[in-house]
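In what follows, a structure is listed as structure tokens, so that the remarks can point back to it.
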Amino acid sequence: MNAATQAAASLRQKFVNVYDVAVGTNPDVNTIQKVVSPEPYENAFMTSSYDALDPNLRRLTERVCEGGRP
């Protein structure tokens, strides 16, 4: 287990939702799935560049705000 997965596991034990925003052409999907909260396909956001991230910001914002609801 690397530092990112250890930190994420510690946060999840404290009931913190963990999200990931990966920017680049070759994200480590295996690590991303281990880091994010239980729904990796909803809590991980991947894009090829910062410019390409812009269209996904609404979905990211909605997901993060949903996570804070009781």
(message) Please compute the per residue accessible area over the chain with all protein chains in place, 1.4 Å probe, rounded to a whole number of Å².
(response) 73 Å²
(request) Collect residues whose amide H, placed 1.01 Å from N in the peptide plane, falls under 5 Å from the amide H of Met46; neighbours closer than 5 in sequence don't count. (result) Ala22
(request) Note down the magnitude of the dipole of the chain about its Cα centre, charges +1 on Lys and Arg C-beta and -1 on Asp and Glu C-beta and zero elsewhere, to the nearest 20 debye. (result) 280 debye
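By its C-alpha gyration tensor, with a ≥ b ≥ c as the square roots of the eigenvalues, how is the stretch 9-50 shaped: rounded for a/c under 1.5, else prolate for a/b larger than b/c, else oblate?
Taking the square roots of the gyration eigenvalues as a ≥ b ≥ c, the stretch 9-50 is prolate.
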(request) Using a 1.4 angstrom probe on heavy atoms only, work out the carbon and sulfur share of the accessible area of the chain in %. (result) 53 percent
(request) For n ≥ 4 DSSP H runs only, could you compute -39500 (n - 2.57) per run for the chain, divide by its residues and tell me the 222 nm figure to the nearest 500? (result) -13500 deg cm²/dmol
(request) Run the quick spin-label model on Asp28 and Lys14: label points 7 Å from Cα toward the beta carbon, then report their separation in nm to one decimal. (result) 2.2 nm
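Between the DSSP loop rule and a limit of at most 12 other Cβ atoms within 10 Å, which trypsin sites (Lys or Arg not before Pro) in the chain are left?
On the way: sites: Arg12, Lys14, Lys34, Arg58, Arg59, Arg63; in loops: Lys14.
Loop-located and lightly packed - Lys14.
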(request) List the chymotrypsin sites (Phe, Trp or Tyr not before Pro) within the chain that fall in a DSSP loop (any state other than H, G, I, E or B) and whose Cβ has at most 14 other Cβ atoms within 10 Å. (result) Phe15
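The values are calculated or read from the model by the stated rules, or taken from the named source; none is laboratory data. As the structure is a computational prediction, the values presented were derived from the model and not from experiment. Don't worry about glycine lacking a Cβ; one is built from the backbone with ideal geometry, like all the others, and counts go over all protein chains shown. In case anyone asks, the SASA skips ligands and DNA or RNA and just uses the protein heavy atoms, side chains included. Shrake-Rupley method; radii C 1.70, N 1.55, O 1.52, S 1.80 Å.
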